[in-house]
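Please treat every number below as a calculation from the coordinates, not as lab data. Keep in mind it's a predicted model, so treat the numbers as computed, not measured. Positions of Cβ are generated from backbone atoms using ideal geometry, with glycine treated the same way; all protein chains shown enter the neighbour counts.
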Amino acid sequence: MVHMRTDIGATNENFTASNDTYAQELETDVIIVGAGFGGVYLLHKLRDELGLKCKVYEAAGGLGGVWHWNCYPGARVDTPVPIYEYSIEKVWKDWTWTEKYPSWQELRRYFDHVEKVLDVKKDIAFNTRVVAAEFDMKTHRWVLKTEDGRIARAKYFINAIGFAAKRHFPDWKGLDTFKGEIHHSSFWPEAGVDVKGKRVAVIGTGSTGIQIAQETAKDADSVTVFQRTPNLCLPMEQRPLTKEEQEEAKARYPDLYRHRMTTFAGFLVDFVKRDTFDDSDEEREAFYQKLWDEGGFSYWLGTYQDMLFDQKANDQAYNFWLKKTQARISDPRKRAILAPEKAPHAWGTKRPSLEQDFYEQMDRPENDVVDVKATPIVEVKENGIVTSDGQLREFDVIALATGFDSVTGGMKNMGLKDIHGVELSEKWKMGTWSYLGMTCSGYPNMFFLYGPQGPTAFSNGPSCVEIQGDWIIDAVAKMRAENVDYLEATEQAEETWREQVKEISDKTLFPGTSSWYMGANVPGKPREQLCYAGGFPKYEKECRNALDGWKGFATAAPA
């Protein structure tokens, strides 16, 4: 049986008789859905800087978005601090981290600190799931309904649910008959799972699967990873951080935060302005080694500018990765599965996981890796997993790291209807249409961030949240200044934006890879580029241009 973690025990600690956050009938200026990085940023800016009455509906029992749900073994962010945090000075000036890539526990503590500084919880309704939302053309207000029957009306509606809001579960026969423990990574019990002396199966090799496998292998009797596609992992180069070094660096933080917005993906590293074969073999090898030694995403996002565009250049990147990785795996059978001689896809067209000792853990004789492309899982029995070759492998614990209906799944799953009464899930059935990756035709005064057709998966989350959040804030301020009652993207603007997203992607090697970037991880989902691959500077310019004269939008004055 798949165990579902819930937050029923969480308390709505800020509810008082004078607080209307949990009102049965709520009237407000802005309703934001989601209390992660995006929702909290927007609440703070719209409420404290624009003076709007704002409320947030959050399905979980606490702040943090994905960092409230992510508590599986080894869960940590793959972006270093201080890049992975808010650029808000009053938040960062009194906060220090303990390590370069924080764990989920530390990110929870960070959001506790954010609450102390920004005082956001009083305007957040926790354990509140939105099940329907529709714009009323008579009143020009959004009407939202929650799972427990509450109604909210607001002039502006902002979706800040992120790109991983809808879990994806496999449809294997017998999944509910397993007698051991089975958990989806995003429903992991907060108290943890005792794996000491137990046989653990990890299904999936995205970042989550890699983290669970390397962490549980330290205590479990054995760990078996079921791999569909190798994760072309990079070394994290984790290290502790001292308070002193952070305090010394804080004088440079404003410059760092400005600089991250000028790079392709909102990190500090960026592609160099030369091509792979501009360097000699020796120079290229030395450059690759330098990036490798830096750790993190340097080898992915700080490399030659043609790496994601030219297959021959990409092959060079893969060959270097292969040499470094194969040297860490002594078992030839495992080596062939985890680091195959022939690249499974163009290097870097799937987000690489950052690992600490994954390959060493999998190389241990008690652990195993199963290639489920060669021998797919066909059934789960009460004592284990059966593959197509008829083999039954027995387990005590199964970890489902099977990911999400990413980027579009969350918004399609919350009962959103356009002004004609058509559900968004129907509109996006054959593909995704948006304008600027933040608005939709038929959905006046609705904005979203860190979702479809924005930089999203090709970016650092907090950077993306701030670049899009600032645009939304400026759009609302401009509407108010110009007495615009509602704003709606045109169908033509959507078509043009969709074409632009596709055109940029088609120049790269991304479309040739079956990944969740392309919607390929969920059966029946349209295959398309779900994120904007043009980089931050180009994206911001497009969005800012649209604000000038409301290009691509229809506007309405008050009735």
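Show me the ranking of peptides 100-107, 360-367, 30-37 by mean Cβ neighbours inside 10 Å, starting with the highest. Numbers along the way, then the final one.
Details: 100-107: 19.9, 360-367: 16.8, 30-37: 27.1.
Most protected by this proxy first, the peptides run 30-37, 100-107, 360-367.
Can you compute the equivalent ellipsoid semi-axes for segment 175-400, i.e. the square root of 5 times each eigenvalue of the Cα gyration tensor, sorted largest first and rounded to whole Å?
Values: eigenvalues 252, 107, 45 Å².
For segment 175-400, the ellipsoid semi-axes come out as 36, 23, 15 Å.
Taking all pairs of distinct Cα atoms, average 1/r, flip it, and tell me the Kirkwood hydrodynamic radius of the chain in Å to one decimal place. Walk me through the numbers on the way to the answer.
On the way: mean 1/r = 0.0406 Å⁻¹.
Computed over the chain, the radius equals 24.6 Å.
Would you calculate, for the chain, the mean residue ellipticity at 222 nm contributed by helices, counting each DSSP H stretch of 4 or more residues as -39,500 (n - 2.57) and dividing by all residues, to the nearest 500?
Working: 17 runs with 164 residues, N = 559.
The per-residue figure over the chain is -8500 deg cm²/dmol.
May I ask you to give the average projected area over all directions of the convex hull of the Cα atoms of segment 265-388, in nm² rounded to one decimal? All intermediate terms of the calculation are to be shown ahead of the outcome.
On the way: hull surface 39.0 nm².
Value for segment 265-388: 9.8 nm².
What does the charge count near M446 come to, summing +1 for each Lys or Arg and -1 for each Asp or Glu among other residues with Cβ under 12 Å from its Cβ? Write down the numbers at each step before the final one.
Details: positive: R141, K155, K417; negative: E134, D418, E488.
Combined, the nearby Lys, Arg, Asp and Glu give 0.
Given an 8 Å cut-off on Cα distances and at least 6 residues of separation, report the relative contact order of segment 275-417 as a percent. Please list the in-between numbers first.
Working: 101 pairs, mean separation 20.2, N = 143.
Across segment 275-417, relative contact order equals 14 percent.
Among residues other than T496 whose Cβ falls under 14 Å from its Cβ, what is the net charge (Lys/Arg +1, Asp/Glu -1)? Mind dumping the intermediate values first?
On the way: positive: R498, K502, K551; negative: E491, E494, E495, E499, E503, E542.
Around T496, the surrounding residues sum to -3.
I'd like the FRET efficiency for S425 and A286, computed as 1/(1 + (r/R0)^6) with the beta carbon distance as r and R0 of 56 Å, rounded to 0.05. The partial results should precede the final answer.
Numbers: r = 51 Å, r/R0 = 0.91.
Efficiency computed from Cβ-Cβ geometry: 0.65.
Mind checking segment 177-218 for trypsin sites (Lys or Arg not before Pro) that DSSP puts in a loop (not H, G, I, E or B) and that have at most 13 other Cβ atoms within 10 Å?
Details: sites: K179, K196, K198, R199, K218; in loops: K179, K198, K218.
Here the trypsin sites (Lys or Arg not before Pro) that fit, given the DSSP loop and packing criteria, are K179, K218.
What does the net charge come to around F226 if you take all other residues with beta carbon closer than 12 Å to its beta carbon, with K and R at +1 and D and E at -1? The partial results should precede the final answer.
On the way: positive: R228, K373, R393; negative: D368, D371.
Result for the local shell: +1.
Ranked highest first by the average count of other Cβ atoms within 10 Å around their residues, in what order do 459-465, 109-115, 135-141, 56-62 fall?
Values: 459-465: 24.7, 109-115: 17.4, 135-141: 13.9, 56-62: 22.7.
Going from most to least packed, we get 459-465, 56-62, 109-115, 135-141.
Whole-Hz ³J(HN,Hα) for each residue in segment 124-141, computed from phi via Karplus 6.51 cos²θ - 1.76 cosθ + 1.60 with θ = phi - 60°, x for glycine and proline: what do you get?
10, 9, 7, 6, 10, 10, 7, 10, 7, 7, 8, 8, 8, 6, 6, 9, 6, 9
Got a sec to turn the phi values of segment 179-194 into Karplus ³J(HN,Hα) couplings, 6.51 cos²θ - 1.76 cosθ + 1.60 with θ = phi - 60°, whole Hz, x for Gly and Pro?
8, x, 9, 9, 9, 6, 4, 8, 10, 5, x, 4, 6, x, 10, 6
State, as an integer percentage, the relative contact order of segment 175-400 based on alpha-carbon contacts under 8 Å between residues 6 or more apart. Don't skip to the end; give the middle numbers.
Values: 338 pairs, mean separation 79.3, N = 226.
In percent, rounded to a whole number, it is 35.
Kindly point out which whole DSSP H helices in the chain project their C-alpha atoms 24 angstrom or further along the helix axis while averaging a Kyte-Doolittle hydropathy of 0.0 or above. Working shown, then result.
Details: long enough: 461-481 (29 Å, 0.25).
The answer, listed by residue number, is 461-481.
To check you understand DSSP bridge types, tell me what percent of the beta bridges within the chain (both residues inside) are antiparallel, rounded to 5.
Details: 27 of 69 bridges.
Bridges in the chain that DSSP calls antiparallel: roughly 40 percent.
Of K93/K478; K173/K373; K45/K145; K93/K290; K93/K243; K93/K121, which ones are farther than 23 Å apart at the Cα? Numbers along the way, then the final one.
Details: K93/K478 31 Å; K173/K373 18 Å; K45/K145 25 Å; K93/K290 32 Å; K93/K243 12 Å; K93/K121 21 Å.
In this structure, K93/K478; K45/K145; K93/K290 exceed 23 Å between Cα atoms.
At a threshold of 8 angstrom on Cα-Cα distance, excluding pairs fewer than six apart, so keeping six or more, what relative contact order does the chain reach in percent? Each step should come with its number before you reach the end.
Values: 1119 pairs, mean separation 105.2, N = 559.
Across the chain, relative contact order equals 19 percent.
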